[in-house]
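A short write-up of the structure that comes next.
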Amino acid sequence: MLSNLRDYQAILENGFEQFLLAQEASDKTRKNYRSDIRQFLNWLISTIQSRNIEAPKTKEALLKLVNSDFLENYKSSQTLEHTPASTINRRLSAIRMFFRCALRNGWTYDDPAVQISNISRPTENSPYSDVMREALGAYRRYKEQSHASDQIDQEFIDIQEFFEWFNQPNQT
């Protein structure tokens, strides 16, 4: 079934490219969005396999698996991989555009991406920035060593959001 998933991925990527051309997106935007959607679809397929989810039989069924929780997990996985906030936000923008394409092409009738917000960018000037990064890294390493990776995503997001709130000028 993996080959079917890769076939669906290719069909979706091609359709998205055509959508971006029709939207008159710049060459750079098309290149970045194609790369972002390819990365997201690879993550999606990998997640389906790792969670032992039955492989969907159509591209529409593949997209039906994506809900707001799935996208929040994707967003947190990017954070855990230390992907820069600007890259994560661009990828989320690409996903939002991709689901507009999917709606227009009739691949889905639901847009889970409208509920997903960008991540806030850490304030680098804060005296706490280095301490927060170190604490988050130590926490992630501890959870990975204790094999509690199924709990790490939401806990990591909660801690990161607290640090970001704390890091705001009116909170310190």
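The values are calculated or read from the model by the stated rules, or taken from the named source; none is laboratory data. Remember, predicted model here, so these are calculated numbers, not experimental data. Please note: Cβ atoms are built from the backbone with ideal geometry, for glycine as well, and neighbour counts cover all protein chains shown.
Anything in segment 23-40 that is of a type in the set (Ser, Thr, Tyr) and assigned to a helix (DSSP H, G or I)? List them, or say none. Those that are of a type in the set (Ser, Thr, Tyr) and assigned to a helix (DSSP H, G or I): THR29, TYR33, SER35. The C-beta contact set for segment 82-103 (first residue farther than 12 Å from VAL114 by Cβ, second residue polar (S, T, N, Q) and loosely packed, with under 14 Cβ neighbours inside 10 Å, distance under 8 angstrom, 6+ apart or interchain) is empty. Exactly one residue out of SER77, SER50 is touching a residue at least 60 places away in the same chain (Cβ under 8 Å) and under 27 Å from TYR139 (Cβ atoms), and it is SER77.
Let's see how each residue does on (1) part of a helix (DSSP H, G or I); (2) loosely packed, with under 14 Cβ neighbours inside 10 Å; (3) touching a residue at least 40 places away in the same chain (Cβ under 8 Å); (4) in the same structural domain as LEU103 (by TED's automatic domain parsing):
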position	(1), (2), (3), (4)
ASP7	yes, yes, no, yes
ALA10	yes, yes, no, yes
LEU21	yes, yes, no, yes
ASN42	yes, yes, no, yes
PRO56	no, no, yes, yes
LEU71	yes, no, yes, yes
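Return a yes/no flag: does segment 72-84 have any residue that is of a type in the set (Ser, Thr, Tyr) and more than 13 Å from the chain's Cα centre (by Cα). No. How about segment 73-107: which of its residues are within 18 Å of SER50 (Cβ to Cβ) and outside any helix (DSSP H, G or I)? Answer for segment 73-107, where residues must be within 18 Å of SER50 (Cβ to Cβ) and outside any helix (DSSP H, G or I): just GLU81. If you go through segment 23-40 and keep only what is surrounded by 15 or more Cβ atoms within 10 Å (Cβ to Cβ) and within 17 Å of the chain's Cα centre (by Cα), you end up with ASN32, TYR33, ARG34, ASP36, ILE37, ARG38, GLN39, PHE40.
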